[in-house]
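The structure under discussion appears below in the form of structure tokens.
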């Protein structure tokens, strides 16, 4: 994963509680609001959503197959839901049954 700002810190990446995607959590640490670009050169993103702390979708985020634009507020956690496009050539981030 790449991140275009030092104002955010990576907190966690985990499978969503409902098993239909992955949850990425970041924290703003510089006391400023803004927008960041997250890059995922080894993954293929189908859709990305801004979510709340209990993983409920708030709104869709602008994304490409390998990046997501994420707004952030000062001194806050940011929760992003990633739905991946899974294909035969995708890396092994798959659901565990």
For region 4-20, name all the residues that are more than 12 Å from the chain's Cα centre (by Cα) and under 28 Å from residue 32 (Cα atoms). 4, 5, 6, 7, 8, 9
Considering each residue of region 1-39, count those that are closer than 16 Å to residue 81 by Cα and in contact (Cβ under 8 Å) with a residue 40 or more places away in the chain, and give that number. 13
Tell me which residues, restricted to region 21-39, are farther than 11 Å from residue 74 by Cβ and either assigned to a strand (DSSP E or B) or modelled with pLDDT of 95 or more (or both). 22, 23, 24, 25, 26, 35, 36, 37, 38, 39
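The values are calculated or read from the model by the stated rules, or taken from the named source; none is laboratory data. Since we're looking at a predicted model, the values are computed, not measured. Cβ: placed from backbone, ideal geometry, glycine included. Neighbour counts: every protein chain shown.
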